[in-house]
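Q: Handing you this structure, nothing more for now.
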Amino acid sequence: MRGFGGFGVENLPYGVARWGDGRTGCVSALDDRVIDLAALAGAGGLHGVPAEVFDATSLNRFLALGRGAWAGVRSELAGLAAQGDERLAAASAPMGSVELLLPVAVGDFVDFSASLHHATNMARLLRPDSPPPGDEWKRFPRGFHGRAGSVVVSGTPFRRPHGPAGVTAALDIEAELAFVIGAGNRMGEPIPAPAMRDHVAGVLLLLDWSARDIQAAEQHPLGPFLSKSFATSVSPWLVSLDAVDPTAIELEVLLQATTVSRPPVSTMYWSIADLLAHATLNGAPTRPGDLFGCGTVSGPDEGTQGSLMELTSGGRRRLRLHDGSMRTYLEDGDTVVIRGIAGEVSLGEVAGRVLPAMT
């Protein structure tokens with residue numbers, strides 16, 4: 001990934017930042033600068049959105065305005081950039097001068113399993129004598145409700161978790177793409193797949209931390225709980241579906257600055273539209289800021305798997321890092337970074353570092 005490359009006028013993602021004086025507000029990004037949307041709206045308006053909508057600690061109020069507002073503000077920003085408007089320059093600051101925060105206040109978090117390659121790999125590792133996922137798996141997407149309070153912004157360290165049998169010895173990662181709800185639906189009114197773009201404000205990178213030994217103990221009959229609820233990291237930039245085709249996104253997974261995998265989103269079996277339609281099939285409501293993970297992105301080829309469990313065949317082989325050290329699962333002090341890009345459009349990165357467990 002090329003520094004701040006991919007944040008050109010063709011992107012203009014949305015985020016939230018804290019300035020040096022402690023003020024927090026909604027921003028966009030252009031090259032290596034952030035754009036203070038409240039300041040810009042106050043200096044002449046942004047598609048008619050009042051400045052106070054952007055003078056907030058999350059994007060939620062802005063996202064609730066709907067697709068017309070998200071697209072209109074982005075289009076107006078592009079026009080101001082093309083004109084070299086001095087108001088844009090006055091409302092901009094160097095990227096390094098602000099702290100990027102969690103872009104949305106997450107109300108609900110759902111994580112799906114949308115990759116048939118990942119499901120097949122995991123079935124082979126966990127149940128080698130059973131047939132791989134087949135027609136039953138393809139009938140509808142599988143997912144589970146995660147813990148919204150454990151969703152943190154990129155760069156936030158976390159402690160190695162405990163389980164019923166003690167501290168996990170098999171701490172893993174899952175490289176994912178996530179989508180965020182902008183305009184929700186009312187209870188009892190499903191969202192059909194063709195209406196997805198009216199409700200999804202954009203996509204984020206998601207790094208789902210997983211304790212595989214704890215997961216194995218609790219997987220049946222109800223599924224993941226303590227093995228997943230301790231931390232989930234997301235990138236700070238919400239990238240519009242008008243800027244990026246999700247199926248064109250390529251991920252890069254780095255462990256201790258060594259690239260260990262390049263998972264392609266194009267290999268996912270279920271699309272974002274499929275996942276949202278299924279999540280609301282029973283009339284379940286969604287709200288601005290709701291977060292939906294697509295599940296581990298894994299491709300069919302070696303070096304495209306999105307988890308260490310797959311890359312190491314369940315811990316039976318080791319990965320060699322650039323410094324000569326070896327890994328199966330994560331060690332204390334390890335840093336993981338996931339980057340995403342589609343052509344010239346960057347999704348930035350999501351990163352996290354493992355701290356020792358509480359004693």
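Q: So, restricting to strands (runs of 3 or more DSSP E) that lie completely within region 247-359, which ones have at least 1 residues that are in contact with a His (Cβ under 7 Å, 6 or more places away or on another chain), closer than 22 Å to S210 by Cα and at pLDDT 95 or above? It would help to see each step written out before you state the result.
A: Numbers: elements: 250-255, 258-261, 291-293, 335-342, 345-355.
Those strands (runs of 3 or more DSSP E) span 258-261.
Q: So which of A64, A51 ends up being among the small types (G, A, S), within 26 Å of R197 (Cα to Cα) and touching a Lys or Arg at 6+ places or on another chain (Cβ under 9 Å)? Even if it seems obvious, please write down each step before you answer.
A: Numbers: A51 fails: touching a Lys or Arg at 6+ places or on another chain (Cβ under 9 Å).
So the residue among A64, A51 that is among the small types (G, A, S), within 26 Å of R197 (Cα to Cα) and touching a Lys or Arg at 6+ places or on another chain (Cβ under 9 Å) is A64.
Q: Kindly list the number of the only condition in (1) farther than 23 Å from T232 by Cα; (2) assigned by TED's automatic domain parsing to the domain that holds L204 that fails for A89.
A: Every listed condition holds for A89 apart from (2).
Q: Take E252 and decide whether it is acidic (D, E) and either in contact with a strand residue (DSSP E or B) (Cβ under 7 Å, 6 or more places away or on another chain) or under 25 Å from V16 (Cβ atoms) (or both).
A: Values: acidic (D, E): yes; either in contact with a strand residue (DSSP E or B) (Cβ under 7 Å, 6 or more places away or on another chain) or under 25 Å from V16 (Cβ atoms) (or both): yes.
So E252 fits the description; yes.
Q: Something else now. Among the numbered conditions (1) assigned to a helix (DSSP H, G or I); (2) more than 21 Å from D290 (Cα to Cα); (3) not acidic (D, E), tell me where G134 comes up short.
A: Here G134 clears every test but (1).
Q: Restricting to region 46-70, and then to whatever is in a helix (DSSP H, G or I) and surrounded by fewer than 16 Cβ atoms within 10 Å (Cβ to Cβ), can you tell me which residue is farthest from the chain's Cα centre (by Cα)?
A: Filtering region 46-70 for residues in a helix (DSSP H, G or I) gives 51-54, 60-63, 67-70.
Add one more test, that the residue is surrounded by fewer than 16 Cβ atoms within 10 Å (Cβ to Cβ), and what stays is 52, 68.
Details: E52: 27, G68: 23 Å.
Step by step, filter region 46-70, then rank; the result is E52.
Q: For region 137-184, enumerate the residues that are surrounded by 15 or more Cβ atoms within 10 Å (Cβ to Cβ), in a strand (DSSP E or B) and more than 21 Å from the chain's Cα centre (by Cα).
A: Those that are surrounded by 15 or more Cβ atoms within 10 Å (Cβ to Cβ), in a strand (DSSP E or B) and more than 21 Å from the chain's Cα centre (by Cα): H162, G163, V167.
Q: Let me ask you something else. Which condition breaks for F225 when tested against (1) of a type outside the set (S, T, Y); (2) farther than 21 Å from G155 by Cα; (3) in contact with a Pro (Cβ under 6 Å, 6 or more places away or on another chain)?
A: Every condition holds for F225 apart from (3).
Q: Picking from V104, V98, V153, which residue would you name as being closer than 22 Å to V239 by Cα, touching a Phe, Trp or Tyr at 6+ places or on another chain (Cβ under 6 Å) and among the β-branched types (V, I, T)?
A: Values: V104 fails: touching a Phe, Trp or Tyr at 6+ places or on another chain (Cβ under 6 Å); V153 fails: touching a Phe, Trp or Tyr at 6+ places or on another chain (Cβ under 6 Å).
Going through V104, V98, V153 in turn, just one is closer than 22 Å to V239 by Cα, touching a Phe, Trp or Tyr at 6+ places or on another chain (Cβ under 6 Å) and among the β-branched types (V, I, T): V98.
Q: Shifting gears a bit: Starting from region 71-100, keep only residues that are over 22 Å from G5 (Cβ atoms), then list their pairs with residues that are among the polar types (S, T, N, Q) and modelled with pLDDT of 95 or more whose Cβ atoms are within a distance under 9 Å, requiring at least 6 positions of separation or different chains.
A: Pairs that qualify, where the first residue is over 22 Å from G5 (Cβ atoms) and the partner is among the polar types (S, T, N, Q) and modelled with pLDDT of 95 or more, are A71/S240; V73/S28.
Q: Would you confirm whether or not region 185-195 contains a residue that is more than 19 Å from L125 (Cα to Cα), free of Cβ contacts under 8 Å to residues at least 40 places away in the same chain and outside any helix (DSSP H, G or I)? Lay out the reasoning, then the answer.
A: Residues of region 185-195 that are more than 19 Å from L125 (Cα to Cα), as a first pass: 185-195.
Among the residues that remain, those that are also free of Cβ contacts under 8 Å to residues at least 40 places away in the same chain are: 195.
Of the ones still in play, those that are also outside any helix (DSSP H, G or I) are none.
No, because not a single residue in region 185-195 is more than 19 Å from L125 (Cα to Cα), free of Cβ contacts under 8 Å to residues at least 40 places away in the same chain and outside any helix (DSSP H, G or I).
Q: Also, quick follow-up: Please list, ordered by first then second residue, the pairs with beta carbon atoms under 6 Å, 6 or more apart or interchain, first in region 1-28 and at pLDDT below 95, second β-branched (V, I, T).
A: G6/I341; G6/V345
Q: Looking at (1) within 15 Å of the chain's Cα centre (by Cα); (2) loosely packed, with under 15 Cβ neighbours inside 10 Å; (3) of a type in the set (D, E, K, R), which is the only condition E250 fails?
A: Against the list (1) within 15 Å of the chain's Cα centre (by Cα); (2) loosely packed, with under 15 Cβ neighbours inside 10 Å; (3) of a type in the set (D, E, K, R), E250 comes up short only on (2).
The values are calculated or read from the model by the stated rules, or taken from the named source; none is laboratory data. All values derive from a computational prediction rather than experimental measurement. So basically every Cβ, Gly included, is an ideal-geometry build from the backbone, and we count neighbours across all protein chains shown.
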